[in-house]
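Everything on this sheet refers to the single structure shown next.
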């Protein structure tokens, strides 16, 4: 396989480097992941759909990128979706889809601009892990949910090689901060033979 942005993504570290990579990738991101059969957004949306009763309740699509995750959520029936991302180029592409109620640029140097309970659900689809957001983001997002709030996220094979990611997730269950509603291992990017685990947690 040639040296693509996808190759670089799993070896990028640090906020500045990640923002630079995704800013340069914005124009070709969808084409590259789509040609590799990007399946995780649909799997996450369907997993969240299976535990949802109110599809009009607001959802935060954290790390929304170009909006492929928002598109999957919309196709699963969710109607009120806000997106936040690290790069303006990605947000511009997401805005073109006209799926989001609000889109905003994240700034890791300021407090997370979400109050506890603002959202009935938060998604972090392909966001936390190797070459992406650090595991501390998991705690931040889970903590932003009120009791009964749902958190859907995924860890790909590259991320699963680092035990700390799943360890933190399972620790939240062991400490009774959350209930693990579902966990499923399946396709992520079949074109490069990569899979992912999709999890849905409920905040307690």
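Values in this text are rule-based calculations from the coordinates and carry no lab data. Predicted model, so just to flag it, every value in this text is computed and none were measured. FYI the Cβ positions are ideal-geometry reconstructions off the backbone, even for glycines, and counts take in every protein chain you see.
Return an integer: the convex hull volume of the alpha-carbon atoms of the chain, in Å³ per residue. Working shown, then result.
Values: hull volume 21.8 nm³, N = 204.
Each residue corresponds to 107 Å³ of Cα convex hull volume.
Between residue 136 and residue 102, take the C-beta separation as r, use R0 = 22 Å, and let me know the FRET efficiency to the nearest 0.05.
Working: r = 24 Å, r/R0 = 1.10.
Efficiency computed from Cβ-Cβ geometry: 0.35.
Taking 0.36 nm per intervening residue step and subtracting the Cα-Cα distance, what contour gain separates residue 185 from residue 54 on full extension?
Values: separation 131, 0.36 × 131 = 47.16 nm, distance 2.60 nm.
Stretched fully, the residue 185-residue 54 segment lengthens by 44.6 nm.
What shape does the range 106-204 take by its C-alpha gyration tensor, where a ≥ b ≥ c are the square roots of the eigenvalues and a/c under 1.5 counts as rounded, a/b above b/c as prolate, and the rest as oblate?
Verdict is prolate for the range 106-204.
Restricting to the chain, what percent of DSSP beta bridges are antiparallel, rounded to 5?
Numbers: 17 of 33 bridges.
The answer is about 50 percent antiparallel.
May I ask you to derive the relative contact order of the chain, considering only C-alpha pairs under 8 Å and at least 6 residues apart, and to give it as an integer percent?
Numbers: 395 pairs, mean separation 45.5, N = 204.
Relative contact order for the chain comes out at 22 percent.
Students often check this: by mean Cβ neighbours within 10 Å, which of 150-157, 97-104 ranks highest, and how do the rest follow? Spell out each step's value before the answer.
Details: 150-157: 24.2, 97-104: 15.4.
Going by the mean number of other Cβ atoms within 10 Å, highest first, we get 150-157, 97-104.
Order these peptides, 62-68, 126-132, by their mean beta-carbon neighbour count within 10 angstrom, highest first.
62-68, 126-132
Starting with the highest mean, order 51-61, 113-123, 172-182 by the number of other Cβ atoms within 10 Å, averaged over the residues of each peptide.
Numbers: 51-61: 17.1, 113-123: 19.0, 172-182: 13.9.
In descending order of packing, they fall as 113-123, 51-61, 172-182.
Summing -39500 (n - 2.57) over the DSSP H runs of n ≥ 4 in the chain and dividing by its residue number, what mean residue ellipticity at 222 nm do you reach, to the nearest 500 deg cm²/dmol? Present the calculation step by step, with values, prior to reporting the outcome.
Details: 9 runs with 74 residues, N = 204.
Calculated mean residue ellipticity at 222 nm is -10000 deg cm²/dmol.
Just subtract the alpha-carbon distance of residue 177 and residue 162 from 0.36 nm times their residue separation and send over the number in nm, one decimal.
Details: separation 15, 0.36 × 15 = 5.40 nm, distance 2.22 nm.
Roughly 3.2 nm would be gained on extension.
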